[in-house]
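Engineer: Structure in structure tokens, see below.
The values are calculated or read from the model by the stated rules, or taken from the named source; none is laboratory data. What you see is a predicted model, and the numbers here were worked out from it, not measured in a lab. Here the Cβ positions follow ideal geometry from the backbone for every residue, glycine too, while neighbour counts run over all protein chains shown. What goes into the accessible areas is simple: the full protein's heavy atoms, side chains included, and nothing from ligands, DNA or RNA. Shrake-Rupley method; radii C 1.70, N 1.55, O 1.52, S 1.80 Å.
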Amino acid sequence: MMQLSIVNGAVEFDGIPVLTQVNFTVREKEKIALVGRNGCGKTTLLNVLDGGIECVKGYGDESYGVYKIGNPAVGFLRQTSNDLSSKTMLDEILGAYEELLLTERNMEEALARLDEDGSEQNVRVYSALQEKYERLGGYTYKKEYLTAVKKFGFTDGDLQKPLVEFSGGQRTKIALLKLLLSKPDILLLDEPTNHLDLQAIEWLEQYLIGYRNACVIVSHDRLFLDKIVNVVYEIEYGETVRYSGNYTSFMAQKQQNYDKALKDSLLRKKEIDRLTALVERFRYKASKAAMAQSKLKQIKRIGEVGSPMRFDTDTFRTNFQPLRNTVEKTLILEDLSFGYDKELGRVNMTVKRGQKVGIIGRNGTGKSTLVKTIMHMLSPLDGNVVYGLHAQIGYFDQTLTQSFSTLTVLEDFHNEFPMLTDTEARSLLGAFMFCGDDVFKQICELSGGEKVRLALCKIFKRRPNVLILDEPTNHMDIIGKETLESMLAAYSGTVIAVSHDRYFINRICDRLIVFDDGGARVFDGTYAEYEQQNAAEETAVAEEAKAAVRKKDRRASDGNERNRRLHRISVLEEKMKALTDKIEDIKRVMSEDPSVYTDYKKIAENEEEITSLNSSLSPLEAEWLELMEADNAFKD
């Protein structure tokens, strides 16, 4: 049994409370989602669970404590990996198998000793090590990590590269790989899907669904959480609340709890108003004084009535529609070939006004290259990109979140829109949650989510009729994503969006450009329809494979049956020949030996023996004929 619990904990930084009341329990095999707004303390709580941050007593009545059962091993994946050592990717991954590799070395040494001295003691030591090696997965671990490496988009050649040669996102993926393969009792995953493409996300989903130990996941990927978790903890206003079920179930329960609390609050207020009216009516009548006092006590017992705390739904807002419309054919990709030194894909499609196109696929297959080609930032290898009349482009580049400008938010905004007054600029920025002194923050001080909001604010201010968005939801919390989804769903212009967020793509897009190993292809439908088609194709392939196996098995079975039949025929022929030879011998003696054919008694005995032999021969011949007919039918 394994369990890790925090009871009535709190965390403060420089006297400022981040978490005010934490009650959190991880039980064996639980899959837990930790959700909440950006900055609410999710990563802080993961650090508390990992032991990197100390808690103090919270505001509750219970005593503060951290309690462990079974001394669980905790593995923590942080959002970024700063390992710049010269060791190779393979060295790093093999660090997940330290105990197994030590056992492997011990086995080799024990085998060497066994070769020199085959004593019973040496045999026992080697056998024990061999059993341990098998229990730790020694005969499958190489296949395990090579499969994971491939699913995460790395090649066999990458295994020999030093970590320093990988990007920050790639190093985070390698850290995730190592952590998963080390199989701790509790996995702590902070935004594990941030640097993963769809194939890797789907592989990770299946891995975590089948993971035998517990995990706590911080993620803004709603579909990912829905498929994996069975418990949700929400951090809101500094407190944790536990819900059973996946993310969708959590949202429904939260709404139900709020509706019930609001209804109870209204009923209590209504009852207080009724009792107060009675008290006011009879408090000055001596005969009713006792009754009035009784009602006052009832009001006191009910206590103060306040409205339940509303959800923390603070988000950006804008009334966003195109300044003018394009013609019907907004964008034409005329047999467009794109890439750098070689073709990454070829697309031939017409995007009509108001259509919303999602671009999905593995990392490194050419999604951003296609977007840059559409934006005329790269020249086509072949074909053309043609914009319709009056097309005005709003482009969101995912690299904007890497800006380290020392300009303030207000200065940066004024540089884009110099004709605006400070009041107008601050009003627009306020709609995107840059309020008060936030506008004086330097760009380099902003979080990834804040940089995304600033970029969107500038794009939406221009009111373009074509939006080209490269990973716009990265760094957004779930409410921010839902806000952007609602805005884009209501937007009458054209959208082309690259994203690994399947929920976002499914809600917004009605067409897809899908990147796979064969290049790029157009799919006319939503992501849900694309998944259904894939599932149907996979089912068909699986059924075809099963049918082939059944056919092969049947052929093998038929072949085995024929072999048995031919063997039986051979045996029967030997027995039949032996009986026939014996009958012929008796007949020859009867016709050639005078001592026999002149002796009626001997003739009778020989004839009786021949009859007996024929009785034994008859069923053998019948079986032989049946088997021969079956074999002829098989050959036909």
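Engineer: Answer yes if at least one residue in segment 26-37 is touching a Gly at 6+ places or on another chain (Cβ under 8 Å) and among the hydrophobic types (A, V, I, L, M, F, W, C), and no otherwise.
Structural biologist: No - not one qualifying residue is present in segment 26-37.
Engineer: Filter segment 606-636 down to residues that are open to solvent by 80 Å² or more (accessible area, probe 1.4 Å) and among the β-branched types (V, I, T), then give me how many there are.
Structural biologist: 1
Engineer: Within segment 152-166, identify whether any single residue is part of a loop (DSSP other than H, G, I, E, B) and within 13 Å of the chain's Cα centre (by Cα), and answer yes or no.
Structural biologist: Yes, some residue in segment 152-166 is part of a loop (DSSP other than H, G, I, E, B) and within 13 Å of the chain's Cα centre (by Cα).
Engineer: Now, a different point. When residues of segment 354-365 are filtered for being at pLDDT below 90 and buried (at least 24 other Cβ atoms within 10 Å of the Cβ), how many remain?
Structural biologist: Kept after step one, since they are at pLDDT below 90, are these residues of segment 354-365: 361-365.
With the extra rule that they be buried (at least 24 other Cβ atoms within 10 Å of the Cβ), the set shrinks to 361.
Of the residues in segment 354-365, 1 are at pLDDT below 90 and buried (at least 24 other Cβ atoms within 10 Å of the Cβ).
Engineer: Please go through segment 159-194 and give me each residue that is under 26 Å from D501 (Cβ atoms), open to solvent by 10 Å² or more (accessible area, probe 1.4 Å) and among the charged types (D, E, K, R), ordered by number.
Structural biologist: R171, K173, K178, E191
Engineer: OK, next. Would you point out which residue out of R274, R242, R281 is out of contact with any Leu (no Cβ under 9 Å at 6 or more places or on another chain), closer than 28 Å to T20 by Cα and either open to solvent by less than 50 Å² (accessible area, probe 1.4 Å) or of a type in the set (D, E, K, R) (or both)? Give the steps one after another, and end with the answer.
Structural biologist: Working: R274 fails: closer than 28 Å to T20 by Cα; R281 fails: closer than 28 Å to T20 by Cα.
Result: R242 is the single residue among R274, R242, R281 that is out of contact with any Leu (no Cβ under 9 Å at 6 or more places or on another chain), closer than 28 Å to T20 by Cα and either open to solvent by less than 50 Å² (accessible area, probe 1.4 Å) or of a type in the set (D, E, K, R) (or both).
Engineer: Would you please name the residue that is least open to solvent (accessible area, probe 1.4 Å), looking only at residues in segment 524-552 that are at pLDDT 90 or above and either of a type in the set (S, T, N, Q) or within 23 Å of N474 (Cβ to Cβ) (or both)?
Structural biologist: Y527
Engineer: Among the candidates V66, V18, V7, V35, single out the residue that is closer than 22 Å to G448 by Cβ and more than 26 Å from the chain's Cα centre (by Cα).
Structural biologist: Going through V66, V18, V7, V35 in turn, the sole match is V18.
Engineer: Of the residues T88, T25, which is among the β-branched types (V, I, T), out of contact with any helix residue (DSSP H, G or I) (no Cβ under 9 Å at 6 or more places or on another chain) and either at pLDDT below 90 or open to solvent by 10 Å² or more (accessible area, probe 1.4 Å) (or both)?
Structural biologist: Result of the check over T88, T25: T25.
Engineer: Taking segment 425-457 as the search range and keeping residues that are open to solvent by 30 Å² or more (accessible area, probe 1.4 Å) and basic (K, R), which one is nearest to H475 (Cα to Cα)?
Structural biologist: Per the criteria, the residue is R453.
Engineer: Looking only at segment 559-597, which residues are touching a Phe, Trp or Tyr at 6+ places or on another chain (Cβ under 7 Å), within 18 Å of A633 (Cβ to Cβ) and either modelled with pLDDT under 80 or open to solvent by 50 Å² or more (accessible area, probe 1.4 Å) (or both)?
Structural biologist: R562
Engineer: Out of the residues in segment 463-511 that are among the basic types (K, R) and closer than 21 Å to K352 by Cα, which is most open to solvent (accessible area, probe 1.4 Å)?
Structural biologist: The qualifying residue most open to solvent (accessible area, probe 1.4 Å) is R507.
Engineer: Hey, can you tell me all the residues within segment 195-227 that are open to solvent by 10 Å² or more (accessible area, probe 1.4 Å) and among the aliphatic types (A, V, I, L, M)?
Structural biologist: L198, I209, L223 - these are the residues of segment 195-227 that are open to solvent by 10 Å² or more (accessible area, probe 1.4 Å) and among the aliphatic types (A, V, I, L, M).
Engineer: Could I ask something else about it? Quick one: is K143 surrounded by fewer than 17 Cβ atoms within 10 Å (Cβ to Cβ), in a helix (DSSP H, G or I) and not acidic (D, E)?
Structural biologist: yes
Engineer: Provide a single number: the residues in segment 401-434 that are farther than 12 Å from E450 by Cβ, assigned to a loop (DSSP other than H, G, I, E, B) and under 41 Å from the mean Cα position of the chain (by Cα).
Structural biologist: Number of matching residues: 4.
Engineer: Tell me which of these D382 doesn't satisfy, since it passes every other one: (1) touching a residue at least 40 places away in the same chain (Cβ under 8 Å); (2) open to solvent by less than 60 Å² (accessible area, probe 1.4 Å).
Structural biologist: (2)
Engineer: Hey, another quick one. May I ask you to verify whether K300 is open to solvent by 80 Å² or more (accessible area, probe 1.4 Å) and modelled with pLDDT of 95 or more?
Structural biologist: So K300 does not fit the description; no.
Engineer: Enumerate the pairs (first residue in segment 1-14 and over 17 Å from G41 (Cα atoms); second residue anywhere and basic (K, R) and in a strand (DSSP E or B)) with beta-carbon separation below 7 Å, excluding pairs fewer than 6 apart on the same chain, so at least 6 apart or on different chains.
Structural biologist: Q3/R27; L4/K68
Engineer: Please identify the pairs in which a residue from segment 313-342 that is free of Cβ contacts under 8 Å to residues at least 24 places away in the same chain and assigned to a loop (DSSP other than H, G, I, E, B) has its Cβ atom under 7 Å from the Cβ atom of a residue that is of a type in the set (G, A, S) and open to solvent by 60 Å² or more (accessible area, probe 1.4 Å), counting only partners at least 6 apart or on another chain.
Structural biologist: none
Engineer: Look at K68 and say whether it is open to solvent by less than 70 Å² (accessible area, probe 1.4 Å), of a type outside the set (A, V, I, L, M, F, W, C), on the phi < 0 side of the Ramachandran plot and touching a residue at least 60 places away in the same chain (Cβ under 8 Å).
Structural biologist: No.
Per-residue answers, yes or no, for (1) open to solvent by less than 80 Å² (accessible area, probe 1.4 Å); (2) touching a residue at least 60 places away in the same chain (Cβ under 8 Å):
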| site | (1), (2) |
| --- | --- |
| C40 | yes, yes |
| V56 | yes, no |
| S63 | no, no |
| L102 | no, no |
| E108 | no, no |
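Engineer: Being modelled with pLDDT under 90, assigned to a helix (DSSP H, G or I), more than 33 Å from the chain's Cα centre (by Cα) and exposed (fewer than 12 other Cβ atoms within 10 Å of the Cβ) is the requirement here; does R124 meet it?
Structural biologist: For R124, the condition - modelled with pLDDT under 90, assigned to a helix (DSSP H, G or I), more than 33 Å from the chain's Cα centre (by Cα) and exposed (fewer than 12 other Cβ atoms within 10 Å of the Cβ) - is met.
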